[in-house]
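Down below is the structure, laid out as structure tokens.
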Amino acid sequence: MNSRSETRSRELRARAVELTPGGVHSNVRLTSPSVFFDRGKGAWLWDADGNDYVDYLLGQGPNFLGHAHDEVITAVESAMRRGGVFGSQHVLENEAGELFLDSIGWAERVRFGVSGTEADQAALRLARAATGRTRFVRFEGHYHGWLDNVLIKTVDGVTGPASEGQLAHHLDDSIVLGFNDPVALARAFDEHGGEIAAVILEPMMCNSGAIPPENGYLQRVRELCTEHGAVLIFDEVITGFRLTLGGAAERFGVTPDLAVYGKAMAGGWPVSALAGRADVMDRFAAGVNHSGTFNSSVPACAAVTAALTVLRRDAPYQRVEEHGARLIDGIRKLGVDHDLPLRVQGLPMAFHVGFGDPAPVIDAAGLGRLDLKRYADLVPVLVDHGIWVAPRGIWYVSAAHGDSELAAVLERLDAALSAGGR
Ligand code: PLP
């Protein structure tokens, strides 16, 4: 694998930096090895030089069905022949909406959008309108998009803007707490209860680490929101349709008031959704603005319907879970074989690999005590050995991963750790 050719990728890289800042169209990609992919199918990717990669990043999550799923492609292709957007409703919308709501099970209304970032903004606006309050509680290490009021960085316990040019005062309305700490949340409500419109969280923290909620935590968050009249928003952009068909709400048995979805819901097509209780959501038809030229486009609705049809029919969740569990075991065993402090935590369909103390991490502060740099430094070696993953340590498993992918990734990881694990 390390005899990989790089000629075409090198040329593309050199040209890309002349065309776009840093050679990438999303800043998240600045930290990953710069690979120019030519195509993907199932759990595999091929770069511009013909090298193959077994993919455990899945485009940061969306390709839960694997790349280029035939049924999604057929549905999108045929939908696009009918047009894209009409500035009005079209006949594929209701089917997508019905399947969506039936799949998650708890919500009464849905609005489709394009990105998770904007759906999060819509959720916060809706919560403010519904409560007449301005502030919201959110958590260290949780990501809710790249806009000014939600992009944060915490250094030495102090939270502030994460980007130059970001308006710091846009963060004034957020109260930032540690995840998995019900006492801190209760205290925030005691001190600011009358001002808190919403609590927004990744019900399983995935953007940093892969940190499930501790037993009873989400239930306590639910109770406190209800008690203090705040809207509970689950950001299920990663967990939705991935942890199970009904996402984290179903997996952990806690029902939010609103939830935001994206990624796994449309077989790789760019679609997001905001779903929730009718009395809150219907404010969009009575004074609260949520708009978008491309919302519920024809191909987007076709992609949602196709992907959810496949997920409901094939029920891949147990298979994905088994693959992930065997992969985690394999990674841990290779850590022992290579005498490395390699640690894995999370759930089989979304887990975090890093170096450090094997004890479970429950929040962003704990994550900060791991040797995250050591793993990030290993990633270019993994990529050179044909494993596509990101420096932040998250690994995603898709419905397309099977025995041959498991054998391939463990063999490649073994070779990569021999080459560069120290
Ligand atoms: N919320 C969560 C939990 C996410 O993981 C992401 C993206 O990674 C977003 C929101 C933003 O979604 P998008 O990148 O589609 O704007």
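The values are calculated or read from the model by the stated rules, or taken from the named source; none is laboratory data. What you see is a predicted model, and the numbers here were worked out from it, not measured in a lab. Glycine also receives a Cβ, built like all others from the backbone with ideal geometry; neighbour counts cover every protein chain displayed.
Brief remarks follow.
- Qualifying residues in the range 122-137 (those that are over 28 Å from R251 (Cβ atoms) and charged (D, E, K, R)) - the one farthest from the ligand (Cβ to nearest atom): R133
- For the range 272-287, the set of residues classified as assigned to a helix (DSSP H, G or I) and in contact with a helix residue (DSSP H, G or I) (Cβ under 6 Å, 6 or more places away or on another chain) consists of V280, R283, listed by residue number.
Yes/no per residue for (1) hydrophobic (A, V, I, L, M, F, W, C); (2) in contact with an Asp or Glu (Cβ under 7 Å, 6 or more places away or on another chain); (3) assigned to a loop (DSSP other than H, G, I, E, B); (4) not assigned by TED's automatic domain parsing to the domain that holds F112:
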site: A259; (1), (2), (3), (4): yes, yes, no, no
site: N289; (1), (2), (3), (4): no, no, yes, no
site: T293; (1), (2), (3), (4): no, no, yes, no
site: C301; (1), (2), (3), (4): yes, yes, no, no
site: T305; (1), (2), (3), (4): no, yes, no, no
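- L243 vs. criteria within 14 Å of the ligand (Cβ to nearest atom), more than 14 Å from the chain's Cα centre (by Cα) and closer than 19 Å to M204 by Cβ: no
- Strands (runs of 3 or more DSSP E) lying entirely in the range 152-199 (those with 1 or more residues that are at pLDDT 95 or above and not hydrophobic (A, V, I, L, M, F, W, C)): 158-161, 174-177
- Residue within the range 363-372 that is under 16 Å from the mean Cα position of the chain (by Cα) and either among the acidic types (D, E) or assigned to a loop (DSSP other than H, G, I, E, B) (or both) present: no
- Any hit, the range 337-350, residues being in a helix (DSSP H, G or I), more than 24 Å from the chain's Cα centre (by Cα) and not assigned by TED's automatic domain parsing to the domain that holds M205: yes
For (1) among the polar types (S, T, N, Q); (2) at pLDDT below 95, each residue gets a yes or a no:
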{"residue": "M1", "(1), (2)": "no, yes"}
{"residue": "T7", "(1), (2)": "yes, yes"}
{"residue": "G23", "(1), (2)": "no, no"}
{"residue": "F36", "(1), (2)": "no, no"}
{"residue": "W44", "(1), (2)": "no, no"}
{"residue": "D49", "(1), (2)": "no, no"}
{"residue": "Y56", "(1), (2)": "no, no"}
{"residue": "R81", "(1), (2)": "no, no"}
{"residue": "G84", "(1), (2)": "no, no"}
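- Applying the condition of being among the β-branched types (V, I, T) and either surrounded by fewer than 24 Cβ atoms within 10 Å (Cβ to Cβ) or touching a Pro at 6+ places or on another chain (Cβ under 9 Å) (or both) to the range 272-304 and asking which residue is nearest to L65 (Cα to Cα) yields V298.
- In the range 28-47, the residue that is farthest from the ligand (Cβ to nearest atom) out of those that are assigned to a helix (DSSP H, G or I) and touching a residue at least 24 places away in the same chain (Cβ under 8 Å) is T31.
Residues checked against (1) β-branched (V, I, T); (2) surrounded by 19 or more Cβ atoms within 10 Å (Cβ to Cβ); (3) at pLDDT below 95:
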position: Q318; (1), (2), (3): no, no, no
position: R332; (1), (2), (3): no, no, no
position: M349; (1), (2), (3): no, yes, no
position: P358; (1), (2), (3): no, no, yes
position: Y375; (1), (2), (3): no, yes, no
position: V379; (1), (2), (3): yes, yes, no
position: G386; (1), (2), (3): no, yes, no
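- Of all residues in the range 105-121 being within 16 Å of the ligand (Cβ to nearest atom) and farther than 13 Å from V237 by Cβ, the one that is surrounded by the most Cβ atoms within 10 Å (Cβ to Cβ): F112
- Condition met for V85 (without any contact (Cβ under 8 Å) to a residue 24 or more places away in the chain, away from the ligand (no atom under 16 Å from the Cβ), among the aliphatic types (A, V, I, L, M) and over 21 Å from V260 (Cβ atoms)): no
- Filter result for A184 (more than 17 Å from H290 (Cα to Cα) and either charged (D, E, K, R) or more than 15 Å from the ligand (Cβ to nearest atom) (or both)): yes
- One residue alone among V24, V91, V76, V35 is more than 21 Å from R242 (Cα to Cα), surrounded by 15 or more Cβ atoms within 10 Å (Cβ to Cβ) and in the same structural domain as I238 (by TED's automatic domain parsing), and that residue is V76.
- Only listed residue being assigned to a helix (DSSP H, G or I), of a type in the set (S, T, N, Q) and closer than 29 Å to A315 by Cβ, chosen from S418, S404: S404
- If the condition is being more than 16 Å from the ligand (Cβ to nearest atom), in contact (Cβ under 8 Å) with a residue 12 or more places away in the chain and surrounded by fewer than 22 Cβ atoms within 10 Å (Cβ to Cβ), then the range 189-215 contributes F189, H192, G193, G194, E195, E214.
- If you go through the range 373-386 and pick out every residue that is farther than 20 Å from I238 by Cβ and either among the aromatic types (F, W, Y) or outside any helix (DSSP H, G or I) (or both), you end up with 2.
Conditions (1) part of a loop (DSSP other than H, G, I, E, B); (2) more than 13 Å from the ligand (Cβ to nearest atom), marked per residue:
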| site | (1), (2) |
| --- | --- |
| V221 | no, yes |
| A249 | no, yes |
| V254 | yes, yes |
| A264 | no, no |
